[in-house]
Number of protein chains: 2
Amino acid sequence: MPRTATLAEQLAAKQREISVAEFFERNRQILGFDNPQRALLTAVKEAVDNALDAAEEAGVLPDVSVEISKDDSGPDRYRLVVSDNGPGILRRELPNVFGRLLYGSRFHAHRQSRGQQGIGISAAVLYAGLTTARAATITSKVEEEEAAHVLEVVVDTQRNLPKIVSERLDLWDRPHGTRVELVLKAKYLRGRQSPLEYLRGTAIVNPHARLVLVEPDGTRTTFERASTEVPAVSKEVLPHPYGLELGELAAILKQSKEKSLAEALPKRLAGVTPRALKEVLAQASLTGKEDPASVQGPGLERLLSALHSVSLLPPSGESLSPIGATLIKRGLRNVLGELRPDFYAPPVSRPPRIRGGSPFLVEVGLVYGGSLPPDQPIQLLRFANRVPLLFQQGACAITTAVESVDWRRYGLDQRGGQGLPTGPCIVLVHVASTRIPFTSESKEAIAEDPEVLKELQLALQATARHLKAHISRQIRRQYASEKFTIIRRILPQIAERTSHLLGKPVPDLAPVITEIMNVVTLETAAPETGPGLMVTITNYTPRARVLELFAEMPPELVSTLTGTPASDGTDPSLGRAWWTLPKLAPNGQTRMELRWPAGTDCDASDFDWYIAGVDESRLLGADALPGDWDVRLPRQVIEAAEAAEVASVGAGPAAEEEVDYDGAEKTAGLEEDD
Amino acid sequence: MPRTATLAEQLAAKQREISVAEFFERNRQILGFDNPQRALLTAVKEAVDNALDAAEEAGVLPDVSVEISKDDSGPDRYRLVVSDNGPGILRRELPNVFGRLLYGSRFHAHRQSRGQQGIGISAAVLYAGLTTARAATITSKVEEEEAAHVLEVVVDTQRNLPKIVSERLDLWDRPHGTRVELVLKAKYLRGRQSPLEYLRGTAIVNPHARLVLVEPDGTRTTFERASTEVPAVSKEVLPHPYGLELGELAAILKQSKEKSLAEALPKRLAGVTPRALKEVLAQASLTGKEDPASVQGPGLERLLSALHSVSLLPPSGESLSPIGATLIKRGLRNVLGELRPDFYAPPVSRPPRIRGGSPFLVEVGLVYGGSLPPDQPIQLLRFANRVPLLFQQGACAITTAVESVDWRRYGLDQRGGQGLPTGPCIVLVHVASTRIPFTSESKEAIAEDPEVLKELQLALQATARHLKAHISRQIRRQYASEKFTIIRRILPQIAERTSHLLGKPVPDLAPVITEIMNVVTLETAAPETGPGLMVTITNYTPRARVLELFAEMPPELVSTLTGTPASDGTDPSLGRAWWTLPKLAPNGQTRMELRWPAGTDCDASDFDWYIAGVDESRLLGADALPGDWDVRLPRQVIEAAEAAEVASVGAGPAAEEEVDYDGAEKTAGLEEDD
């Protein structure tokens, strides 16, 4: 039957190689160039990520400017110019870096960086050429040269090679740096997925960078650097055996230059201590004297299985650059703008883990309540290697992890215990890794790797437990507060009417109210003028109390704090300060004034308040002192405070009971029913 | 400052090319090899998609077998064997097809196929090598050769080239075909994202294929072909100018062999008629005599803008292969298993549109109610080019489109009008295109292209309108039905007690009930034995009626239908049949029996019932005849039916009113209040 024969021939004739540039030109949606709006954002993102990576590698504080303007050569065309103060790129590398896909310096390095693929910026050049037939103009100057190289480059799609359209030398008024200019089909929109929001997100988690955006209408927005500390350059590390596949181990051994396996393993893999090496070799029935490249077949399989089962040194976090608790908190405040939540959960940072031989870690922050919208899905802020992820939320492991937590157990609404929960809540999640497993080359979503998912869930659950504790406290407080309000309003009315009925004088109700309420309240308010905080503590319990007050705040704030009364002590490293309050009689009140220098980035939500000297269930507006504080006032301070007031109140043997700090209230009195 | 200088040099030294195989090995999650479970499914999918494509190209009915068994060479290892009866692959092409990424025959063809990237199967070979260091064994035989070629192939990752490990000739007992054998790290699980479900989904939309799955425990499942019709091979078409980018037009003109632009345009682009050509050239200020390759710069831009604005021939659907209404309905029934919905919405198929020069079309099917779970998110079945999409639902434009419809307006629950709606509902969506814009190389989600999204929304809204009409009818019927039940139960009790009280005899209530209810009911039930359907029509209206009954059913069923009474007529092409019922007195009832051959794939849910002769608001269990039916019974038929009963009922001048088919009831009677 010659028909089928002809067909096999015909089909064979159609087989051919596909250039990677051709593939991505056709499938540009994979790179994030789906539509003109997203294309512009993707181009901005690729250029800015490169600029930040370059500055960090050079150890300089990044100074990045992004200018977007309308281009008159056609409809829907914009000109994008991104320039940085990085070390610059040598002339000989410029064409390949910008005009060739799958070319770069960070793919083969085991350390955290934004660009890991060698695709991003050349994809932007490709897209510009495709949609406007215009070359990219690249200017770059390295410090050791006098002038900058200015090249016009396009991607030769069929061969995936750069084509230089023109070249010249130019003077540039900066010592070193790179500038990319593209004309591309684009759409400029503001909103949640705009260049402005991308830069805002970037500024939040890169406070050492100065970012400037000039929008097409001329609006200039500057995100000034909030820190002048250059982040430690994340170190290159060796691949870790955990999660390594057979083929990868084979490639590592084949490339190793050591003479024996025993020499090669500790030098080519992380975590292999001398003791672990012995165990591994024994378990794999290998001597260690083998030529590394010769270990194949069953021997290789035994070696990998031994490496996976022997206990190795845990992964090091040196190659990772987490955001950290302080910046997560500050970042969230930045997002909030005018919104004031009433709870900042302590940020959770998980220890580094290994996935496919590469370390990663997860960080989570959460704010809740206050003026956040209560009846919408929670807002989720995703970051990977300090880059905000604005697209493909539905495809991201971070989203899957958030949705897999049963938030109903932690106090949020969630239909059927699935999907994004509803509530006045913002969750920030950061994944840092030397190799982020993105779902596609557009780097907008993290794949559902089992290891990453597990860490995300653990971090989210830890954060959710803080949330639950807060919501429980809040409910308890609210209950007490409502009871307080009702009693203060209704009891006097009842008393008045009863007295009137009986023709007797109205009794003083304050002691009765105190007896029923049995709480100590802490309220904060902004002072009438200047920056600072007014703190009022009232003793609505039926006995006199000596209370200790403790505050937790951003560490850098502690040393700048002034006010009356002065604190009894501070711990600037932990961001803590404490006070002994004057003895408070029943219904007694005391005020405290805290002041900090104008311009400090700080408000009431930065403080967590704790009170010792009264049971937790009697506190409104503050919490009981957590167990990890080992601050204890010297006994004599308490006694002195006590003595000062003792005469006026005339408390007898009860005084000793009142300063019992052991937590459980031994007094009788009305118990709260809940 | 030599430090920065050194740095630029150091950075330059690290720059290097990244092989595409190396890139995908590192980023295997992008290809769908995230974890052992998904990796197995992806490998099955790539092999089966290739097998189906090959059989269709050869015009043979596909016969594909998938065998998965545990491999003892290591833990978590499975052996996957996929074989087909396609035309086979020539020896010289085998290594590249299976051992090299970005190599294939379908990337450059403008027609609908499953594989479009030239990555899939070689990625599976790459993954197998990476995780088990084992070569893939490929067997292929073309009809013109006596023996099959058997090759063991691996991917040389660093060069992205095939490496042949061994080669031999072997006899194979089939005339032509291909067999792929892989040993890979995998996890075999049943459930929603399993090979079994993938093959089930594939069988649903490829009824011409015979698919066999042998699971690791030996379970053999065969999806027999439900149709022996080889689907028309989708034709290759020229790129359409709509949505074409400047760079793409430039490449087309550069590659054209015609001497002049006027010759090249109609031969290289779809839709350019002679009249359109004239308009385009005039609008672009071109003569048509230009050398195609010379059209560049402003001329090229004017040409593209003219091609985008002049009205061209609309896109042809010839290159597309939609599923079609019958198969969509059958596919949904297949998914349902034991579940019985009470509504099948008429499947909606949109006309072909163009996106980036390539045609695409959208089809939607929906079932609702019955025994589907009422309080869960709706089930969404996604298909692209007849391939089921099982992963990344959250990232897919189909999901975005479903979520963007305000289903509350169409009768489903949906929190805040956003997200997946809740309800007893399954929605099937198919996107067919010569170039599906997938979000990544794993081809599991469609990117949010504005054109595709718009078509999806239109198709979903059209389907949702059918749903809304059904739910409204259902609510109306339920209301009437409840009223009916209450009246039949309560009225006799009232009558009995009142009569008792008054000492009078209980009156006959039937006429009163009929007067109040004023409905005609249609009920269906399965016959006591054998396949078929019993239909009961009752006239609960206060007057005698001659009714016409119309049924709509799968077209192939019409000609096999028997039963009593015989129909007055049928239209097998539209799947319609109709009957004139004997005149029904008030409270009169008639039964009908329909029979079809045993083994026919058919049940009650395949029938839509319509009744003429009574107003729509008086119908329970059937609908008013839609306007697009032009079936009208000859007047004499009706008159004969009328005459037959007229004596027994003795209706006078009212008779004429009763056979008024104009829809609006002119009789007085009780009006429904709703």
Original post:
Under the Karplus relation 6.51 cos²θ - 1.76 cosθ + 1.60, θ = phi - 60°, what is the ordered set of whole-Hz ³J(HN,Hα) values for segment B:588-597, x standing for Gly and Pro?
Top reply: x, 9, 9, 10, 9, 10, 10, 10, 9, x
Subject >> Degrees separating the helix B:450-502 axis from the principal Cα axis of chain B, which is the longest one >> reply: 20 degrees
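Within chain B, what percent of beta bridges assigned by DSSP are antiparallel, to the nearest 5? Intermediate values should be presented prior to the final figure.
Values: 90 of 105 bridges.
The antiparallel proportion sits near 85 percent.
Using +1 on the beta carbon of Lys and Arg, -1 on that of Asp and Glu, and nothing else charged, what's the dipole of segment A:73-130 about the Cα centre, debye to 20? Walk me through the numbers on the way to the answer.
Values: 8 positive and 3 negative charges, 27 e Å.
Dipole about the Cα centre, nearest 20: 140 debye.
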**OP:** Using R₀ = 41 Å, calculate the FRET efficiency as 1/(1 + (r/R₀)^6) where r is the Cβ-Cβ separation of B:Arg168 and A:Glu146; round to 0.05.
**Re:** 0.05
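Would you mind counting up the charge near A:Val512? Only other residues with Cβ under 15 Å from its Cβ, with Lys and Arg at +1 and Asp and Glu at -1. Show your work: numbers first, answer last.
Details: positive: A:Lys483, A:Arg488, A:Arg489, A:Arg543; negative: A:Glu496, A:Asp508, A:Glu515.
Counting the neighbours of A:Val512, the net charge comes to +1.
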**OP:** Just tell me which aspartates and glutamates come within less than 17 Å, Cα to Cα, of B:Lys70; anything on the same chain fewer than 8 places away is out.
**Re:** B:Glu181, B:Glu215, B:Asp217
Subject >> Residue among B:Pro195, B:Ala54, B:Thr221 farthest towards the positive dipole end of segment B:20-223, charges placed on Cβ >> reply: B:Pro195
Subject >> Convex hull of segment A:383-521 built on C-alpha atoms - directionally averaged projected area, nm² >> reply: 12.4 nm²
Subject >> Volume of the Cα convex hull of segment B:557-621, divided per residue and given in Å³ >> reply: 113 Å³
Original post:
Using the Karplus equation 6.51 cos²θ - 1.76 cosθ + 1.60 (θ = phi - 60°), what ³J(HN,Hα) coupling, rounded to whole Hz, does each residue of segment B:616-624 give in order, writing x for Gly and Pro?
Top reply: 3, 5, 9, 9, 10, x, 8, 10, 5
**OP:** Would you calculate, for chain A, the mean residue ellipticity at 222 nm contributed by helices, counting each DSSP H stretch of 4 or more residues as -39,500 (n - 2.57) and dividing by all residues, to the nearest 500?
**Re:** -10500 deg cm²/dmol
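What's the Kirkwood radius of chain A in Å, using all Cα pairs? Walk me through the intermediate numbers first.
Values: mean 1/r = 0.0338 Å⁻¹.
The Cα-based Kirkwood calculation yields 29.6 Å.
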Original post:
Near the amide H of A:Asp156, under 5 Å away, which other amide H atoms are found, from residues 5 or more places off or on another chain, if H is placed in the peptide plane?
Top reply: A:Leu161, A:Lys163
Subject >> Per principal axis, descending, Cα span of segment B:378-439 in whole Å >> reply: 35, 19, 18
Original post:
Quick one: label points 7 angstrom along Cα→Cβ at B:Glu9, distances to the other copies in nm, smallest first?
Top reply: 6.0
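Relative contact order, percent, of segment B:478-634 when contacts are C-alpha pairs under 8 Å separated by at least 6 residues?
Details: 280 pairs, mean separation 38.6, N = 157.
Reported as a whole number, the value is 25 percent.
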**OP:** Answer with one residue from B:Pro626, A:Pro36, B:Tyr368: the one whose Cα lies farthest towards the positive end of the charge dipole of the protein assembly as shown, charges on Cβ with Lys, Arg +1 and Asp, Glu -1.
**Re:** A:Pro36
Original post:
For the protein assembly as shown, what are the per-bin percents of Cα-Cα distances with bins 10 Å wide, up to the bin holding the maximum?
Top reply: 1, 7, 13, 16, 16, 15, 12, 9, 6, 3, 1, 0, 0
Original post:
Each residue of segment A:85-99 in order: what ³J(HN,Hα) in whole Hz does its phi give by Karplus 6.51 cos²θ - 1.76 cosθ + 1.60, θ = phi - 60°, with x for Gly and Pro?
Top reply: 10, x, x, x, 10, 4, 3, 5, 8, 3, x, 5, 4, 9, x
Original post:
Measuring label to label, 7 Å along Cα→Cβ, what does A:Glu593 give against each other copy in nm, shortest first?
Top reply: 10.1
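Averaged across the residues of A:92-101, what count of C-beta atoms belonging to other chains lies within 10 Å of each residue's C-beta? Could the numbers behind the result be given before it?
Numbers: counts 2, 7, 1, 0, 3, 2, 0, 0, 2, 3.
Mean shielding by partner chains, rounded to a whole number: 2.
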Original post:
For the protein assembly as shown, with the dipole built from +1 on Lys and Arg beta-carbon atoms and -1 on Asp and Glu ones, taken about the Cα centre, which of A:Val295, A:Ala384, A:Leu509 lies farthest toward the positive end?
Top reply: A:Val295
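Take the eigenvalues of the Cα gyration tensor for segment A:20-223, scale each by 5, and report the square roots as semi-axes in whole Å, largest first. The partial results should precede the final answer.
Details: eigenvalues 96, 91, 61 Å².
Equivalent-ellipsoid dimensions as semi-axes: 22, 21, 17 Å.
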**OP:** Please give every one of the lysines within straight-line cross-link reach of B:Lys267, meaning a C-alpha to C-alpha distance under 22 Å, and leave out same-chain neighbours fewer than 8 residues apart.
**Re:** A:Lys14, B:Lys235, B:Lys254, B:Lys257, B:Lys259, B:Lys278, B:Lys289
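Over segment B:357-511, what is the relative contact order in percent, taking alpha-carbon pairs closer than 8 angstrom and at least six residues apart? Please report the intermediate quantities before stating the final value.
Working: 221 pairs, mean separation 44.8, N = 155.
Over segment B:357-511, the number comes to 29 percent.
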**OP:** Mind listing the label-point distances from A:Ser311 to the same position on all other copies, shortest first, one decimal in nm, points 7 Å along Cα→Cβ?
**Re:** 7.9
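FYI, it's all coordinate maths here, none of it is from the lab. Just so we're clear, the structure is a prediction, and the values are computed from it rather than from any experiment. Methodologically, a virtual Cβ is constructed for each residue, glycine included, from the backbone with ideal geometry; neighbour enumeration extends over all protein chains shown.
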